[in-house]
1. Looking at the stretch B:54-77, which of its residues are within 14 Å of another protein chain (Cβ to nearest Cβ) and of a type in the set (A, V, I, L, M, F, W, C)?
2. Among the residues of the stretch B:416-451, what is the count of those that are at pLDDT below 85 and of a type in the set (A, V, I, L, M, F, W, C)?
3. Looking at B:Ser145, B:Ser205 in this structure, which one is more than 21 Å from A:Asp3 (Cα to Cα) and either within 10 Å of chain A (Cβ to nearest Cβ) or exposed (fewer than 15 other Cβ atoms within 10 Å of the Cβ) (or both)?
4. So which pairs qualify, if the first residue must be in the stretch B:19-48 and closer than 11 Å to B:Ile60 by Cα, the second must be acidic (Asp, Glu), the Cβ gap must be under 9 Å, and the two must be at least 6 apart or on different chains?
5. Could you look through the stretch B:78-101, keep only residues that are of a type in the set (A, V, I, L, M), touching a Ser or Thr at 6+ places or on another chain (Cβ under 7 Å) and within 9 Å of another protein chain (Cβ to nearest Cβ), and pick out the one that is farthest from B:Ala31 (Cα to Cα)?
Amino acid sequence: MFDFKKEVNKFRPMTEVGDLENTILDNEVQDVMDLLRITNNEQKKTDKKKDKKE
Amino acid sequence: MKCPKCGAKTSGGERCPECGIRLRPYIHAQALSARWYNIGLEMANDRDLSGAVNALRKSIAFNKSNKNARNLLGLVYFETGDIANALMQWVLSINLNPEKNPASEYLAEYEKNGRQATQLEQSIKLYNEALEDVRERNDDMAIISLKKALNLNPRFIEANNLLALCYLMHGKNSQAVDLINTVLKQDINNEKALSYYRQLYPDKSRPVPKSYRSDPRNSAYYMPQTVSRSSRNTQRTQPVIPMFFFGFISSAVIVGLLALPQLMEAKQQELDMQVSKYNQLKHEFDELSNKYNESSASLSQEQPAQADMSLQDRVKQINTAETLYSNDNATEAAMILVNIDTTDFSPEIMEQYAKQKQLILPLAAEQFYISGRQQMENSDNDTAKTLFNQCLKCCQEGDEIRYSALFQLGKIAASENDEQTAKECFAQVAQNHPVQSVKNEAKRYLEEHNV
């Protein structure tokens, strides 16, 4: 009925509150808005290069 | 809205009047974030905490500064006992939106109740310790830690689930069911609890949850967000999805019909292989059962020797059992205890003997049961039968584990076409097992075999 190993593997250790500082510092928060900003900047750089060439 | 690049106020046009970047993709991302937040809020109100976590994580993936989504995600984590993640969401929320952020109140409240906070943090430590113990098959220690964790935080979902799993593995189904029900009341779509429920009650639909909208804090702080105009584009695409599935299903049916003859042939071949495998196994089984009969005959010849043992030797055996038990060998200790002949024991020795039995037999019964289940999973039914029978020797009438072992013995007998034994086992299970679904399964077998 139950595959014990398989079921146990579904459980993960939880972050303890003592480790919270490191977790927050490690957490480089990015979202779609960041990605859009990055692509936008890249686009601008390539546009500038094109303008210079022309 | 503010321009995400330069911060200038914009009137919602195509481009920012100051820096000239295209605004539409940003508006779209914000709208999707708001939409996922609304879905998450709805789910949190309906006590679908797992669903809410997924939706809210998507919401902040589209817009990390969505204050409401992040704060609500923190609350949901807090509710499930995942305190560290809750605190992290609130801290990040304050960093991204320092002004007028309810997360500061949550953090202040948490810090104010220092004792309670320590208890919640301790519960996570205990859960992590228990998880390590479970992985090393130190189930007893794990159960103790998990019970402590739940004493400190009864709403700790993962601790409830892990304890339920431990109970299931020990054949304590009714205790597991109580925990599963607790989790499903708290988080109506909890994946682990639902999977345990389905395995325990394959024929029964899950308990219907009542709609849960009682947290006044939620309704005060958390109102649905307005989805901006640009999200209409995504709404327009929605009818395409059912059409796509309709097309997909129709194609699958046509492909299935074309492939049916080949599938039938493959199935026939598979069936033939299974039949020959069955014959081979039957032959092996006959050989093994002969061996088993021979060994049990020689064992029964040895048993009278026990009866002939001197009183002193028999008393010594109680001490041997005690030593074995203190060396973590409860099963061997139990086997010695159940086979001791107590004739002529003085009342003091009888008392010592009874105490030992009370202490050792329940633990041994559990260990025999677990080993039996493992052997069943390894398809070694003969060893499994021996272990379940040893489990029965360690149980008393009315013990749940006794009827769980009988249920497994019944299943083995049924798979070996030993109708008589199966009927005897299932009859006891149908009458006495405390879990209704197990009872029903036993009853169904008896009905199918006209008992």
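1. Here is the first cut: in the stretch B:54-77, the ones within 14 Å of another protein chain (Cβ to nearest Cβ) are B:56-67, B:69-70, B:73-74, B:77.
Residues satisfying the conditions are B:Leu56, B:Ile60, B:Ala61, B:Phe62, B:Ala69, B:Leu73.
2. 3
3. Numbers: B:Ser145 fails: either within 10 Å of chain A (Cβ to nearest Cβ) or exposed (fewer than 15 other Cβ atoms within 10 Å of the Cβ) (or both).
Only one candidate qualifies: B:Ser205.
4. B:Ala29/A:Asp31; B:Ser33/A:Asp31
5. Here is the first cut: in the stretch B:78-101, the residues of a type in the set (A, V, I, L, M) are B:83-84, B:86-88, B:91-92, B:94, B:96.
Checking which are touching a Ser or Thr at 6+ places or on another chain (Cβ under 7 Å) leaves us with B:84, B:88, B:94, B:96.
Filter once more, keeping what is within 9 Å of another protein chain (Cβ to nearest Cβ): B:84, B:88, B:96.
Details: B:Ala84: 29, B:Met88: 24, B:Leu96: 18 Å.
Top of the filtered list is B:Ala84.
The values are calculated or read from the model by the stated rules, or taken from the named source; none is laboratory data. This one's a predicted model, so the numbers in the text were calculated from it and none came from an experiment. Cβ sites come from the backbone with ideal geometry, for glycine too, and all protein chains shown count toward neighbours.
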